[in-house]
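**Q** Input: one structure, supplied below.
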Amino acid sequence: MSIITKVKSTETFLTSLEQVAVNTKLNYKKSVVRFQKFCKSYQNNMTPEELCRELLIIKKQDEDKYIDTLYDILQDFIAESHKTLSGNSIKTLFSCLRGYLYHLGVRTNPQDIKMMLKFPRIETEEKYPLSVDELRLIVDHFSRLPFRKACFLAESSSGMRIGEVLQVKKSDLIFKERIEIYIRASKSKNGKGRTVYISKECQDELEKYVDTLNDDDFVFYRGVSDDSKIRASNTARALREACDRLGLDMKYDNDRYKINTHSLRAFFFTQAVRKHGENYAHRMTGHGGYLMQYDRMNDDEKLKMYKELEPNLAVYATTKADLEIERLKLQQTKENKELKDELDELKFQLAKQGMDIIKQLQDHKKIL
């Protein structure tokens, strides 16, 4: 064996994941663990490495037998996984498994997968729309926990993912007419940075405790864990417990809660689409792959669009009314300025016409 050849193993595969995104790494690890258990239970107590070596030996002897054996094993793995996982989860699991097997020397062909494997049907429930009244009940439930109340107001008024909300530190806050937060590309799910705003309602709640925080403290979370998954899990559990107490514990057929942390982000997206269209909504929520012409807008224009949207995001009627009054005042100021500019222009044109008439009379020596 060449001294520069590395033996491929589960350990070398996991090491190769160090540079990938946290969620992607987690999915790969789940796939590896599940396949290890499958091999131990259903493949004569083998390890994945041993199984792949056996498959490669078969491949050298009989290509057709190798293909049949490989896809029979994969079909058994899918069937076993379906006992505890949904169709959508199995798709993700299998995608990660392909990368793992590739690392161990076993390649899978997309056409073979399509023709030889049967996956469970992916069932999609119609998503439950969170109403303003329900959102108000939830945030009011956390009135004694300002950081939690501010957390849910931040998500519903900014479109941030719950993981993005929970990693915001005091030093990330930029205080303007509305608090501005820049989500760094390194902290976003898709690796793209973006600017978001949080509502006046959220800011009012935040101001109750923000002065007690250090610059490096998390703004919307209280706890000792540095693990983003644990922070998100704790926050999701708090929301589920609140829904149970408030009678908002409706569930889909798969036993998942209809109201969850993603519902708050979806609330923002829905309102943003209705006010400014899909491009704006996708950009503000951090979705990629869209033609977003407003990327060229300056900060003032972005803030203006957000303030136009904000009344639709307000949880309390008094806030909505105050924001609407503020919007009307700004609109009136703008209209008054435009009217003044038009009057000034009209005066200028009339004065200019008058000067032209006088000059013509002077040229014809009608006047001195």
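**Q** Restricting the search to region 187-207, which residues are within 11 Å of Met284 (Cα to Cα) and β-branched (Val, Ile, Thr)?
**A** Selection gives Thr195, Val196.
**Q** Here is a list of conditions, (1) more than 30 Å from Lys8 (Cα to Cα); (2) assigned to a loop (DSSP other than H, G, I, E, B), and Asp204 meets all of them except one; can you say which number that is?
**A** Checking Asp204 against (1) more than 30 Å from Lys8 (Cα to Cα); (2) assigned to a loop (DSSP other than H, G, I, E, B), the one that fails is (2).
**Q** Looking only at residues that are free of Cβ contacts under 8 Å to residues at least 40 places away in the same chain and β-branched (Val, Ile, Thr) in region 68-92, which one is farthest from Ile122 (Cα to Cα)?
**A** Result: Thr69.
**Q** Against the definition (farther than 21 Å from Glu164 by Cβ and under 19 Å from the mean Cα position of the chain (by Cα)), how does Lys251 come out, yes or no?
**A** no
**Q** State which residue pairs qualify: first residue buried (at least 19 other Cβ atoms within 10 Å of the Cβ) and inside region 173-197, second residue among the small types (Gly, Ala, Ser) and assigned to a helix (DSSP H, G or I) in any location, beta carbons under 6 Å apart, and separation of 6 or more residues or different chains.
**A** Note: pairs meeting the criteria are Val196/Ser158.
**Q** I would also like to ask the following. Scan Val219, Val273, Val210 and give me the residue that is in the same structural domain as Ser158 (by TED's automatic domain parsing), surrounded by 18 or more Cβ atoms within 10 Å (Cβ to Cβ) and within 22 Å of the chain's Cα centre (by Cα).
**A** Val219
**Q** Residues of region 141-160 being more than 18 Å from Tyr182 (Cα to Cα) and touching an Asp or Glu at 6+ places or on another chain (Cβ under 8 Å), which ones?
**A** Pro146, Lys149
**Q** When the residues of region 246-258 are narrowed to those that are over 10 Å from Leu137 (Cβ atoms) and out of contact with any strand residue (DSSP E or B) (no Cβ under 7 Å at 6 or more places or on another chain), which ends up surrounded by the most Cβ atoms within 10 Å (Cβ to Cβ)?
**A** Per the criteria, the residue is Tyr252.
**Q** Next question, about the same structure. Cβ-Cβ below 7 Å, separation at least six or inter-chain, first residue in region 35-56 and among the acidic types (Asp, Glu), second buried (at least 16 other Cβ atoms within 10 Å of the Cβ): which pairs?
**A** Glu49/Thr10; Glu49/Leu104
**Q** Here is a further query. Which of the residues belonging to region 85-116 are outside any helix (DSSP H, G or I) and either more than 19 Å from Thr69 (Cα to Cα) or touching a Pro at 6+ places or on another chain (Cβ under 9 Å) (or both)?
**A** The answer is Leu85, Ser86, Leu104.
**Q** Just the residues that are in contact (Cβ under 8 Å) with a residue 60 or more places away in the chain and closer than 30 Å to Lys320 by Cα, please, taken from region 93-134.
**A** Lys127, Tyr128, Pro129, Leu130, Val132, Glu134
**Q** Considering each residue of region 207-250, count those that are closer than 23 Å to Ser188 by Cα, outside any loop (DSSP other than H, G, I, E, B) and touching a residue at least 40 places away in the same chain (Cβ under 8 Å), and give that number.
**A** 8
**Q** I'm trying to understand the selection: among the residues of region 46-66, which are outside any helix (DSSP H, G or I) and closer than 21 Å to Phe13 by Cα?
**A** Correct list: Met46, Thr47.
The values are calculated or read from the model by the stated rules, or taken from the named source; none is laboratory data. Keep in mind that what you see is a predicted model, and the values were worked out from it rather than measured. Here the Cβ is made from the backbone with ideal geometry for all residues, glycine too, and neighbour counts use every protein chain on show.
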